[in-house]
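The values are calculated or read from the model by the stated rules, or taken from the named source; none is laboratory data. Remember, it's a predicted structure, so these values are computed and weren't measured experimentally. Ideal geometry is used to build each Cβ from the backbone, glycine not excepted, and the neighbour counts take in all protein chains shown.
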Amino acid sequence: MTVPYRRILAIEASGESCSVALLDGEQGIRSRVSRESRKHAQMLLPMADDLLLEAGLSLSHIEALAFARGPGSFTGLRIGAGVIQGLAYGLQIPVLCANSLEVLALSACPSASAVDEHVVVATLDARMNEIYWAAYRVAGGRLQELQAPTLSSPNELNEGVAALRTASSSACRVVGNGAGNLASDPLDGEVQPSAESLLRLIDEGWSETIEYRDAWELELLYLRNEVAWQKRKRIRDNASRSAAS
């Protein structure tokens, strides 16, 4: 997907760290990362101000915002969404949204020139002995979704990754802080989603799933709520069938 904006401010707050990145036309991407746990609310706007000052820009120069909308940390996503919505309302500019696992997968890809085909399994710790994960085939500067973002137990994740490795003739990498729940190698638990990768996803055309949203349309991808709703629905349906029989 090619976007018409050349000055984009991005925020990523779905994980343990948080980051801000600025795309400034031909000047490329510059970014700031805070690895201080639980300080997303204190760090996001100061990092954005720092980047704008360094680039000699003000918020009025920004044409669009970018946001990784989840899945991930409930608290981090809500804080990030609050910052993005406040900026989008004030500036009256659109928000480009991507899912955090796609952003994480791209963090494991060095550049758009990477042509060696392989599979990346992106994982994020969802707490409560569960993992958010998705899988992508990397080929020709594109991410092709093989497994949509989902919430699984460690056993289910192990089974899913084993099936991907059996089905794929390409190398398979597992990245992110949910990777420690896997029983196989190779793993890279140090890779994290970042605002810089979010901008690369947009600017280099890696993704066909970027969504445009106005401030009031921004929706977070929690997954856990969706899974809980599906389980409750199955219970209700089973109860209805039992009552009818």
Checklist entry - Do you know which residues across segment 13-50 are among the hydroxyl-bearing types (Ser, Thr, Tyr) and closer than 20 Å to GLY189 by Cβ? => result SER14, SER17, SER19, SER34, SER37
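State the number of residues belonging to segment 1-57 that are part of a helix (DSSP H, G or I) and touching a residue at least 24 places away in the same chain (Cβ under 8 Å).
Step one: filter segment 1-57 for residues part of a helix (DSSP H, G or I), giving 25-27, 40-55.
Checking the rest, the ones that are also touching a residue at least 24 places away in the same chain (Cβ under 8 Å) come to 27, 40-41, 43-45, 47-48, 51-52, 54-55.
Residues in segment 1-57 being part of a helix (DSSP H, G or I) and touching a residue at least 24 places away in the same chain (Cβ under 8 Å): 12 in total.
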Checklist entry - Across segment 120-156, which residue is surrounded by the fewest Cβ atoms within 10 Å (Cβ to Cβ) among those that are in contact (Cβ under 8 Å) with a residue 40 or more places away in the chain and among the acidic types (Asp, Glu)? => result GLU145
Item to check | Given (1) surrounded by 22 or more Cβ atoms within 10 Å (Cβ to Cβ); (2) assigned to a loop (DSSP other than H, G, I, E, B); (3) modelled with pLDDT under 95, number of the condition PRO71 does not satisfy | outcome: (3)
Next on the checklist: Taking the criterion of being closer than 16 Å to TYR132 by Cα, out of contact with any strand residue (DSSP E or B) (no Cβ under 6 Å at 6 or more places or on another chain), of a type outside the set (A, V, I, L, M, F, W, C) and at pLDDT below 90, would at least one residue in segment 158-176 satisfy it?
Outcome noted: no
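Tell me which residues, restricted to segment 212-226, are over 18 Å from GLY72 (Cα atoms) and surrounded by fewer than 16 Cβ atoms within 10 Å (Cβ to Cβ).
Of all residues in segment 212-226, those over 18 Å from GLY72 (Cα atoms) come to 212-217.
Within segment 212-226, TYR212, ASP214, TRP216, GLU217 meet the criteria.
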Checklist outcome for this item: Within segment 162-179, the residues that are out of contact with any His (no Cβ under 9 Å at 6 or more places or on another chain), within 16 Å of ALA108 (Cβ to Cβ) and small (Gly, Ala, Ser) are GLY176, GLY178, ALA179
